[in-house]
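Written out below as structure tokens is the structure these notes cover.
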Amino acid sequence: MNSRQRFSKYILIVILPLIILTITYWLYFDYSIQEERKAKAEWIGSVYQKSIDQVIRETKGNVEWLSRNSSIPYMDEKSKNQLLDSIKDTDPRYADIYLLDREGMTIHSTSKQPPQSKLIDHEDMDLAVNTQKAVMANKTGIDDLNCTCFTIFAPILEKNKEVRGFLLVQIKFDYLKNILNTLSPEQTVKLQTNEREKVDDINIGNVNPSSRWMTLPLTEAEWSISVKMLKKKDTQNIHIFYSFIFFTFIITHVIYIIVYEFLYRRNSKKQKQLIDDQKLNFVGTLAASTAHEIKNPLTGIKGLVQLLNEKHPDEQDQFYYSIIMKEIERINSIVSEFLILGKPMVQNLSSYDVRGIVAELRPIIESEARFYCIEVEWDIVRSPLPVYCTKDQLKQVILNIAKNGFEAMEQGKNLTIHIYQKKQEAIIEIIDTGHGLESNDIQKVFEPFYTSKKEGTGLGLFVCKRIIELFNGTIEITSKLSEGTTVMIRLPILKENVSK
Ligand SMILES: Nc1ncnc2c1ncn2[C@@H]1O[C@H](COP(=O)(O)OP(=O)(O)O)[C@@H](O)[C@H]1O
Ligand SMILES: [Mg+2]
């Protein structure tokens, strides 16, 4: 990976996810804070709403009760004044109490300067007359101490239920404000009519026009209460947000390192594979061009040595000739392996019974075994095992593996050749009791040119693997150090009858 590729991967794996995750989390974070503020404002608003409704409801009840149960209309002036004063003193919420005639004009009041204008308008008066219940007036007023008040009045009824006048009380907004302030002193609150006209407010001084409000309607008056949503910074959530960014930063870097490592390994593996392929190609070309040239003179030498062998029956000479012949055979086998590498691997495949091939190979393996002083056990299934292969090549594979087994064992040990069927596969198992392999080396044995032997080619198992793969089979090796090695070949069994 060059530095440009590395940089683009860094952007893709670290920077981009970091930005996307941060923005997403920030939006979610902001949304959840807004929702939290909304819920809090809604809760405060509903507490305020209930408190104001409660005050209005209570006052309406009181005024209604007084207007029905007192005998105000029949009292003299002094008693009327005394009664109104005593009502005013009973409750701190009351500013002034008024007694109005049927037309809404003030007859008596606790106020020192009762207003000249009417305190209630016609609509409200008609409503009170028709319902014969207490009504909250739309108009707000000002008491003697210049405080804003709102008005509740109830009709005073004759015995025949005719309306004789009205008992009116003014309630101080300050009383309401005190209640709301005790609930939450910092909260900014607006009280408005349903037509959005200001009634009163609390802590409105430093309100920003962009502030968001939660508005709830009152049930006892045609007003609504609006509570400002707090804009306080939520430090705990901010810390969670920073931790999130920090961990995302770490995690994306860890992912980057893993991906980088993975790509690096994959690249080196590819490069190694490329080098091996190049090596093979070279050897293949070399083998193809020279193997025949070596084999021909070799056959000539072999024939001549045989002639000499017959000509000199002396025991010492015979011994030398046998060594020459063996060495010639060795050269022959190495050249044969090279030939396989050089040859194109497309061969004429036919169906063969594995048992038949093994039967032909048995004398060769047994003579090899005798040479190494090793006992071979044969465990061959009775039923046919038809597979698709090239006879000579399968023979070569089994012989190669058996030879490896002999070479790994000490004299007197056992090698088992086990041939059986498992599901739809013919299995050829060659089990030796030799020195075995370390787990690290097991991975390497199928690589070309890997050998632990002084005179080994390192091509035996590599060639075996290529041949078995050509037959659509697999080859596996399992081994335990000092215990032995098992090579297992699996070949798919053919459904039709064996032809040879
Ligand atoms: N049965 C076995 N027991 C222990 N080691 C083995 C066995 N078969 C193969 N090997 C190891 O695998 C290597 C490669 O084998 P192979 O490809 O046949 O090449 P060569 O026999 O020429 O070394 C051997 O050198 C040996 O180290
Ligand atoms: Mg070998």
ask   = What is the one condition in (1) open to solvent by less than 80 Å² (accessible area, probe 1.4 Å); (2) touching a strand residue (DSSP E or B) at 6+ places or on another chain (Cβ under 9 Å) that GLU476 does not satisfy?
value = (1)
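A quick yes/no check of all residues on (1) farther than 20 Å from PHE150 by Cβ; (2) modelled with pLDDT under 85; (3) of a type in the set (Phe, Trp, Tyr):
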residue	(1), (2), (3)
ASP174	no, no, no
ASN181	no, yes, no
GLU186	yes, yes, no
VAL189	no, no, no
GLU197	no, yes, no
ASN203	no, yes, no
VAL207	yes, yes, no
TRP213	yes, no, yes
query = Do we find a residue being touching a residue at least 12 places away in the same chain (Cβ under 8 Å) and within 59 Å of the chain's Cα centre (by Cα) anywhere in the range 293-309?
reply = no
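Residues are listed down the side, and each one gets a yes or a no for (1) open to solvent by 80 Å² or more (accessible area, probe 1.4 Å); (2) modelled with pLDDT under 90:
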site: LYS270; (1), (2): yes, no
site: ASP277; (1), (2): no, yes
site: PHE282; (1), (2): yes, yes
site: ALA291; (1), (2): no, yes
site: ASN296; (1), (2): yes, yes
site: GLY303; (1), (2): no, no
site: LEU307; (1), (2): yes, no
site: GLN318; (1), (2): no, no
ask   = Are there any pairs with C-beta distances below 6 angstrom linking a residue in the range 426-439 that is at positive phi and touching a residue at least 40 places away in the same chain (Cβ under 8 Å) to a residue that is part of a loop (DSSP other than H, G, I, E, B) and within 12 Å of ligand 1 (Cβ to nearest atom), with the two at least 6 apart or on different chains, and if so which?
value = GLY436/LEU481; GLY436/SER482; GLY436/GLU483
query = Could we say that ASP89 is open to solvent by 20 Å² or more (accessible area, probe 1.4 Å), in the same structural domain as PHE166 (by TED's automatic domain parsing), at pLDDT 85 or above and not in a loop (DSSP other than H, G, I, E, B) here?
reply = yes
note = Of the residues in the range 162-185, those that are free of Cβ contacts under 8 Å to residues at least 24 places away in the same chain and more than 52 Å from the chain's Cα centre (by Cα) come to GLU162, ASN178
inquiry  = Looking at the range 197-223, I want the residues that are free of Cβ contacts under 8 Å to residues at least 40 places away in the same chain and have a partner that is assigned to a strand (DSSP E or B) and open to solvent by 30 Å² or more (accessible area, probe 1.4 Å) with Cβ atoms under 6 Å, at least 6 apart or on another chain. Which pairs are those?
reply    = ASP201/LYS190; SER211/LYS228
Close pairs (7 angstrom Cβ cut-off, 6 or more residues apart or separate chains): small (Gly, Ala, Ser) in the range 458-477, within 7 Å of ligand 1 (Cβ to nearest atom) anywhere = GLY458/TYR450; GLY458/THR451; GLY460/ASN400; GLY460/ASN404
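Given the options ILE428, ILE467, name the one that is over 43 Å from the mean Cα position of the chain (by Cα), surrounded by 14 or more Cβ atoms within 10 Å (Cβ to Cβ) and modelled with pLDDT of 95 or more.
Numbers: ILE467 fails: modelled with pLDDT of 95 or more.
Criteria check complete, one pass: ILE428.
Yes/no per residue for (1) within 30 Å of ASP89 (Cα to Cα); (2) small (Gly, Ala, Ser):
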{"site": "LEU18", "(1), (2)": "no, no"}
{"site": "ILE33", "(1), (2)": "no, no"}
{"site": "GLU42", "(1), (2)": "no, no"}
{"site": "THR59", "(1), (2)": "yes, no"}
{"site": "VAL63", "(1), (2)": "yes, no"}
{"site": "LEU66", "(1), (2)": "yes, no"}
{"site": "ILE72", "(1), (2)": "yes, no"}
{"site": "SER79", "(1), (2)": "yes, yes"}
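Table: residues versus (1) in the same structural domain as GLN54 (by TED's automatic domain parsing); (2) farther than 30 Å from ILE97 by Cβ.
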| site | (1), (2) |
| --- | --- |
| THR148 | yes, no |
| VAL163 | yes, no |
| LEU176 | yes, no |
| PRO185 | yes, yes |
| ASP201 | yes, no |
| PRO217 | yes, no |
| SER224 | yes, no |
| ILE255 | no, yes |
message = Could you tell me how many of the residues in the range 375-409 are open to solvent by 40 Å² or more (accessible area, probe 1.4 Å), over 16 Å from ILE489 (Cα atoms) and within 12 Å of ligand 1 (Cβ to nearest atom)?
response = 1
remark   = Taking the range 167-185 and keeping residues over 23 Å from ALA134 (Cβ atoms) and either part of a strand (DSSP E or B) or open to solvent by less than 60 Å² (accessible area, probe 1.4 Å) (or both) leaves ASN181, SER184
query = Just checking, which of ASP379, ASP317 is outside any helix (DSSP H, G or I) and of a type in the set (D, E, K, R)?
reply = ASP379
key: Filter result for the condition that a residue is touching a Lys or Arg at 6+ places or on another chain (Cβ under 6 Å) and within 15 Å of ligand 1 (Cβ to nearest atom), over ILE475, ILE417, ILE467   = ILE475
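From ILE357, ILE401, which residue is of a type outside the set (Gly, Ala, Ser) and more than 16 Å from THR485 (Cα to Cα)?
Exactly one of ILE357, ILE401 is of a type outside the set (Gly, Ala, Ser) and more than 16 Å from THR485 (Cα to Cα), namely ILE357.
Within the range 186-209, restricting attention to residues that are assigned to a loop (DSSP other than H, G, I, E, B) and surrounded by 14 or more Cβ atoms within 10 Å (Cβ to Cβ), which residue is farthest from the chain's Cα centre (by Cα)?
It comes out as ASN203.
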In the range 431-451, residue least open to solvent (accessible area, probe 1.4 Å) [restricted to those that are of a type in the set (S, T, N, Q) and more than 19 Å from LYS279 (Cβ to Cβ)] = THR433
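The values are calculated or read from the model by the stated rules, or taken from the named source; none is laboratory data. In this text the structure is predicted, and so the values were computed from the model without any measurement. We place every Cβ from the backbone using ideal geometry, glycine too, and count neighbours over all the protein chains shown. Note: areas computed on protein heavy atoms with side chains; ligands, DNA, RNA excluded. Shrake-Rupley method; radii C 1.70, N 1.55, O 1.52, S 1.80 Å.
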